[in-house]
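Visitor: Next up is a structure, given as structure tokens.
The values are calculated or read from the model by the stated rules, or taken from the named source; none is laboratory data. None of these values were measured; they are calculated from a predicted model. Here Cβ is always computed from backbone atoms with ideal geometry, including for glycine, and neighbour counts include all displayed protein chains.
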């Protein structure tokens, strides 16, 4: 007891009030009260902002970046990534606004909620004139130019266990290769105008790279390529299609649809600028992603 009492006595030359203040500051209860007060103030600052919070977390970004990189068969630029994040934020705003307007009864699917909102906002676009369509076509020739594509022969085996040994040699020597497999009712025996994105979508990243690397004089069959459904595919490049720009007359319906879409997007952008004021958007930093 003597040692404790002596420890609490003021040191020589120290004012009693100062000693009491130091003892008070060492009290655990005071620390708790200060922490609680700080949290209360912080909560008040956050709750004072009545806008909804949208968080684009790092894992979601990595997933979106990975998907797009697979389709493009190249690393994404920072500009590419920013567009992907911006699109995600816009769609999230549209989904929440769709629910606020009662569109939840029509579909719980995110893409359809976004589609409903796009139609709701951009449905008042008037029909274009002939001059507007021609000007739109001339100003967007790149949009109406088809990308390079491949024509392919195609043989499928629905069951991997039924693929015979030496199938590639047999395909290369066969007069009718289709007789060696089964009919793919979705794709058939001949595939036409498959561009890079469609190749990736149908057969995957590595098969698409393999097929796009085939030289013009190479007529060998290639495979096996396994689909996500488990079927096995063999393919042969039979033609390379260069980019093509249609005539105005041939593409008029497409041009009209694209014009209406562009004008609807203008209305949508303006509406999104207003809607965005209702939200606080937080984009988490992405580290260690495949593209970093």
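Visitor: Would you point out which residue out of 287, 249, 175 is touching a residue at least 24 places away in the same chain (Cβ under 8 Å) and loosely packed, with under 12 Cβ neighbours inside 10 Å?
Guide: 287
Visitor: Kindly list the number of the only condition in (1) surrounded by 17 or more Cβ atoms within 10 Å (Cβ to Cβ); (2) over 23 Å from the mean Cα position of the chain (by Cα) that fails for residue 216.
Guide: In the conditions (1) surrounded by 17 or more Cβ atoms within 10 Å (Cβ to Cβ); (2) over 23 Å from the mean Cα position of the chain (by Cα), residue 216 misses (1) alone.
Visitor: Take residue 75 and decide whether it is free of Cβ contacts under 8 Å to residues at least 60 places away in the same chain, over 29 Å from residue 275 (Cα atoms) and not in a helix (DSSP H, G or I).
Guide: The answer is no for residue 75.
Visitor: Looking for something at pLDDT 90 or above, closer than 21 Å to residue 273 by Cβ and either in a helix (DSSP H, G or I) or touching a strand residue (DSSP E or B) at 6+ places or on another chain (Cβ under 9 Å) (or both) - is there at least one such residue anywhere in the stretch 56-65?
Guide: yes
Visitor: For the stretch 135-152, check the following and say yes or no: at least one residue is more than 30 Å from residue 249 (Cβ to Cβ), touching a helix residue (DSSP H, G or I) at 6+ places or on another chain (Cβ under 9 Å) and either part of a loop (DSSP other than H, G, I, E, B) or not assigned by TED's automatic domain parsing to the domain that holds residue 220 (or both).
Guide: There is no residue in the stretch 135-152 that is more than 30 Å from residue 249 (Cβ to Cβ), touching a helix residue (DSSP H, G or I) at 6+ places or on another chain (Cβ under 9 Å) and either part of a loop (DSSP other than H, G, I, E, B) or not assigned by TED's automatic domain parsing to the domain that holds residue 220 (or both).
Visitor: Considering (1) in a loop (DSSP other than H, G, I, E, B); (2) in contact with a helix residue (DSSP H, G or I) (Cβ under 7 Å, 6 or more places away or on another chain), say which one residue 88 fails and leave the rest.
Guide: Status for residue 88: all satisfied but (1).
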